[in-house]
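Participant: Quick one: structure below, then a few questions.
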Amino acid sequence: MDELHDEFITENMPNRVHMSTSCCQINCGGQADIAINIQHTKPPKINHDLVANVCERPTVVARCPVAAIRPALINGKPSLEVDEKKCICCGACFPPCPPMQINDPENSKLAIWVGGKNSNARSKPTFHKLVAAGIPNNPPRWPEVATIIKKILHVYKEDARDWERLSDWVDRIGWPRFFELTELPFTKYHIDNWHGARRSLNASTHIRF
């Protein structure tokens, strides 16, 4: 994200903005104070010919936070397989096992999550929310991702109060206003539908999105 280099060295943002790539929104949103997370959306593609010689399979299995990876025998060679129904596309398996390539431009799209906060200073901790998905995966510059990130940061810089964290800013203006200011499309897939969502949804009979 060298396109944002000037913004960070001049420290013109209302507060620090931590960004991360290729990790799950639960971990970064709940433990690492990551305000913006760029995440892959498809499970890794495995090069089974290289796994036995490159990867320590028990370590890779242990690295998966949702137990989606298990040992397998593919074409007579020791390898690994992924339960795609469990996989959260966090990329934790890639560092110890490069043949599990998650950054696949042909098969993987990218998603952007916003609002993670671990600290309870000024406000309670929060998880990320999905703000953009299906973004083309075009390495090495990822121009589509950079455009969306710069738009979010520009609006945050112009609208947030001094020392207001990105998650606190979103909490103050509300998610409907966030999508309006950033001009990002809002779809049914952006609606919280997990069992605890009632605490974060507008408890109203009026739909304002």
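Bear in mind these aren't lab numbers, they're just calculated from the coordinates by the rules spelled out. The shown structure was predicted, so the numbers you read here are calculated from the model rather than taken from an experiment. Here Cβ is always computed from backbone atoms with ideal geometry, including for glycine, and neighbour counts include all displayed protein chains.
Participant: Could you tell me the calculated FRET efficiency between residue 42 and residue 8, based on Cβ-Cβ distance and R0 = 30 angstrom, to the nearest 0.05?
Facilitator: 0.50
Participant: Tell me the volume per residue, in Å³, of the convex hull enclosing the alpha carbons of the range 66-124.
Facilitator: In the range 66-124, the Cα convex hull volume per residue is 137 Å³.
Participant: Under the Karplus relation 6.51 cos²θ - 1.76 cosθ + 1.60, θ = phi - 60°, what is the ordered set of whole-Hz ³J(HN,Hα) values for the range 4-15, x standing for Gly and Pro?
Facilitator: Per-residue couplings from phi come out as 9, 4, 4, 4, 7, 6, 8, 6, 8, 6, x, 7 Hz.
Participant: Under 25 °C and 0.890 mPa s, how fast does the range 62-166 diffuse according to Stokes-Einstein, given a Kirkwood radius computed over C-alpha pairs? Answer in µm²/s, whole number.
Facilitator: 145 µm²/s
Participant: What would the Debye formula give as log10 I(q)/I(0) at q = 0.15, 0.23 Å⁻¹ for the alpha-carbon point model of the range 45-87, no solvent?
Facilitator: -0.32, -0.75
Participant: Given q = 0.21 Å⁻¹, what are the Debye log10 I(q)/I(0) values for the range 116-179, with equal point scatterers placed on the Cα positions and solvent ignored?
Facilitator: Here the Debye-derived log intensity ratios amount to -0.95.
Participant: Fewest Cβ neighbours within 10 Å first, please rank 159, 2 accordingly.
Facilitator: 2, 159
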